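Asker: Starting off with a structure, shown below.
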Amino acid sequence: MRQFAMTIKIRPGCASEYKRYHAAVWPEVLEMIRQCYIRNYSIFLKDDTLFGYFEYHGKDLDADFQRMFAHKETQKWRAIMETMLDPLPTRKKGEWWAEMEEVFHVE
């Protein structure tokens, strides 16, 4: 299992709509997340900053992400979400959400 943390900004005035969508995520999108071995996925909001966390339980992250991003309903979902988000200028090339470095962990 691999853990991932990421962050992105939400555009001013979009928090309510973003929360409304995430209160009722489309079932097809949730099923694709599960099929791609993503578990324990959470998104938190504070002062127009989103923090996401998930655990990956598969064997080929790149292949699973490619499958997820090729999924038509997920593409529609992402297109809507992207209208509400502003990626960090410091993110790595190819990232939308900026992956965060783990600096502490205890079990």
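Asker: What percent do you get for the relative contact order of the chain when only Cα pairs under 8 Å and 6+ apart count?
Answerer: Working: 133 pairs, mean separation 43.6, N = 107.
With pairs under 8 Å counted, the relative contact order is 41 percent.
Asker: Of 19/76; 9/46; 9/93; 19/46; 59/93, which pairs sit farther than 21 Å apart, going by alpha carbon to alpha carbon?
Answerer: Details: 19/76 17 Å; 9/46 10 Å; 9/93 17 Å; 19/46 12 Å; 59/93 23 Å.
Result: 59/93 exceed 21 Å.
Asker: Let me ask another. Please list, in order, the residues from region 1-26 whose amide nitrogen is less than 14 Å from a point placed 7 Å along the Cα→Cβ vector of residue 40.
Answerer: 1-5
Asker: Report, in deg cm²/dmol and to the nearest 500, the calculated mean residue ellipticity at 222 nm for the chain, where each DSSP H run with n ≥ 4 adds -39500 (n - 2.57) and the sum is divided by the residue count.
Answerer: -10000 deg cm²/dmol
Just so you know, all these numbers are worked out from the coordinates, no wet-lab data involved. This one's a predicted model, so the numbers in the text were calculated from it and none came from an experiment. With ideal geometry, Cβ positions are generated from the backbone for all residues, glycine too; neighbour counts draw on all protein chains shown.
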